[in-house]
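Rule-based calculations on the coordinates, nothing more; no lab input. A quick note: this is a predicted structure, and the numbers were derived from the prediction, not measured. Cβ sites come from the backbone with ideal geometry, for glycine too, and all protein chains shown count toward neighbours.
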Number of protein chains: 2
Amino acid sequence: MTVTLADVAARARVSPATVSRVLNGNYPVAASTRERVLRAVDDLDYVLNGPASALAAATSDLVGVLVNDIADPFFGIMAGAAQHAIGEGAPGRAGGEKLTVVCNTGGSPERELNYLTLLQRQRAAAVVLTGGAVEDADHIATMAVKLARLADAGTRVVLCGRPPVPAAGEAITAALTFDNRGGGRRLTEHLLTLGHRRIGYIAGPAERTTTRHRLEGHRTAMEAAGLGGDGLERLTVHGRYDRRSGYDATLELLRREPRLTAVVAANDTVALGACAALRDRGLRIPDDISVAGFDDLPFSVDAVPALTTVRLPLHEAGARAGRLATGAETPPPGGVATIGGELMVRASTGRPAS
Amino acid sequence: MTVTLADVAARARVSPATVSRVLNGNYPVAASTRERVLRAVDDLDYVLNGPASALAAATSDLVGVLVNDIADPFFGIMAGAAQHAIGEGAPGRAGGEKLTVVCNTGGSPERELNYLTLLQRQRAAAVVLTGGAVEDADHIATMAVKLARLADAGTRVVLCGRPPVPAAGEAITAALTFDNRGGGRRLTEHLLTLGHRRIGYIAGPAERTTTRHRLEGHRTAMEAAGLGGDGLERLTVHGRYDRRSGYDATLELLRREPRLTAVVAANDTVALGACAALRDRGLRIPDDISVAGFDDLPFSVDAVPALTTVRLPLHEAGARAGRLATGAETPPPGGVATIGGELMVRASTGRPAS
DNA sequence: CTGTTAGCGCGTTCAC
DNA sequence: GTGAACGCGCTAACAG
């Protein structure tokens, strides 16, 4: 029923091997023969059989991009940039593009491993892991083994916006990590400079690296300003990386410290929720209370007031990860590159009310 | 080097076929044998070879979800929901989940076809096409052929948020389409009821179905109110589905008609850009001018003022598309289901200034 | 319930 | 520059 390479060969009056050579373009073939083969391919509407091709060649054109939440632009931007870079980059075996596939883990370690297995099954050419990792000892160990096995099988492993996996050093082609600590620190320093002292912090889920690093940056700044101690713990609330979480956490912070003058959120989406809660409480931003986010997602500049935040070059990072995944770019020395964030001071932060 | 099914068979002292049966769980196998096989699999860290399996079975566990822009939550939400539904649904051949892959076309017809070819190569189990289609006669024809060929090869084709492909009737398993016309009409009717007469419309890219349908809804309402004619054309500006486009288009509308009292945007993201432009012009929303969007993306309720818009059940639609793709849900009668939108009246629209 | 036998469709040695 | 032969790893009939 379906057209095979042999059919094309027959029509072009050549051997199957020649058709294969034309399609893969890796061996010299006489121009006239190539012409004939290509016409036969076209006439027959022949489509290469991926599985068969992958089986024979022991590798495939699949590149997997794992994201925590595909509905979150933070991941969407990185994934889109990676996909673009991969598509533009090295053409796959069959001359066509590589098939970049985005896999949504929903932040679940099980699903993450699951997808890795599936990609291993498919003999994926590369895997890009984006976003923060879960800090569970068991999971980290399992991941290290899994990644090592993938690397053994020839799959390139690239981390994007995630710290290097400690135990899997050699397995990883490259790790692009964001300077979440530095960004968090500078953001809080900005508020301290404005004169804020009672600053609430809305953190992400407790067990993630991104959450911890941003929080550490915040606390480093607070402690340097002599604001360490119990207060830090009291003015920190954990939640998910979503709008609702920011809303609820803000109310909780206000309950704990009604005289709060600033709120720092784990990311921009959470910050938006925080703003909503403050408005509902009748507080003006930044006159009564300042708000800051993280990431500088596209909507942040349009928030009212425009959000002070830390810009992460998500697009660039994703594109670079894509190039690393295809081998179009050589890994940074040591395999690890840290990407800095840029403090974007906008209208949502100001001096505290006297 | 790599462990194969034969290795597992040897270790478990059974035939390869039996191992295959255990792994696929489609044939009865004695409990004790299964036990032995599973232990051997575990001992050897065996991972099924996807391509080989797909080759032999002439089908794979891959489900492709095509989106126009992965960085846009509109698509991210649908894709995430579809992926979730597919994962939860029918287990793949190897007992594991299906591998749902999201492919980012960037709105380009070429890339769309490209991905379809790649998925066809992989003998994908199903393909979900999300979002509006490009209305180019050539492309539509090519797509119809392509989809028919996919369907022939046993791939299920599901449309989500896209009108049925006219010429490919039988090829499509199911089409879930949004009532963009009705939504657009009701949105504009809402503004008309408030007393608006000079309403600007910021449309999406001209050649897309979504764009056209929303615009038609708007115009239907306008004409029913006796506001048809040249004015409609003059107060319509086309652009991309992004923030910047909304910003620029708004300035252009204001240039064409300084006394504008309302702006309807192609979607929420565009509406946000419109709000920014209006604010920069010193106009208050909704006191001086009303703004409305479409989709009701998560951030819309947090906009200031909260955005009046048409809510589309993106999550539900995506999940349903996923179930249709796995065969977990039977297609609606005729294969086509229209999903309505809900008018969400919020603070960004009000009576026009007298 | 389990083993045996054939391919699935293609890439890749080798020869010519 | 081209063809012939073999095998990639697995599943799907058949037997038994």
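Miscellaneous remarks
- Note on segment B:1-89: enclosed helices (runs of 4 or more DSSP H) holding 1 or more residues that are of a type outside the set (A, V, I, L, M), more than 14 Å from DNA strand C (Cβ to nearest atom) and touching a residue at least 24 places away in the same chain (Cβ under 8 Å) are B:5-12, B:31-44, B:73-88.
- Among residues of segment B:205-215, those that are outside any loop (DSSP other than H, G, I, E, B) and either of a type in the set (Lys, Arg) or more than 11 Å from B:THR188 (Cβ to Cβ) (or both), counted: 7
- Enumeration of residues in segment B:98-144 that are among the charged types (D, E, K, R) and at the interface with chain A (Cβ under 10 Å from one of its Cβ atoms): B:LYS98, B:ARG111, B:ARG121, B:ARG123
- Some residue of segment A:2-13 being more than 16 Å from DNA strand D (Cβ to nearest atom), farther than 26 Å from A:ALA319 by Cα, within 13 Å of another protein chain (Cβ to nearest Cβ) and of a type outside the set (Asp, Glu): yes
- Applying the set (1) surrounded by fewer than 18 Cβ atoms within 10 Å (Cβ to Cβ); (2) closer than 20 Å to A:ASP179 by Cα to A:GLU252 leaves exactly one unmet item: (2).
- Positions within segment B:219-231 being in contact with a Lys or Arg (Cβ under 9 Å, 6 or more places away or on another chain) and part of a loop (DSSP other than H, G, I, E, B), in sequence order: B:ALA225, B:LEU227, B:GLY228
- Test: residue in segment A:90-103 that is out of contact with any helix residue (DSSP H, G or I) (no Cβ under 8 Å at 6 or more places or on another chain) and part of a helix (DSSP H, G or I): no
- Checked against the criterion of being crowded, with 21+ Cβ neighbours inside 10 Å and assigned to a loop (DSSP other than H, G, I, E, B), segment B:187-204 has at least one qualifying residue.
- Matching residues in segment A:202-239 - criterion: being touching a Leu at 6+ places or on another chain (Cβ under 6 Å) and touching a residue at least 60 places away in the same chain (Cβ under 8 Å): A:ALA203
- Residues (within 19 Å of the chain's Cα centre (by Cα), within 14 Å of chain A (Cβ to nearest Cβ) and assigned to a helix (DSSP H, G or I)) located in segment B:147-166: B:LEU147
- The residues in segment B:323-354 that are over 30 Å from B:THR308 (Cβ atoms) and out of contact with any Ser or Thr (no Cβ under 8 Å at 6 or more places or on another chain) can be counted, and the count is 9.
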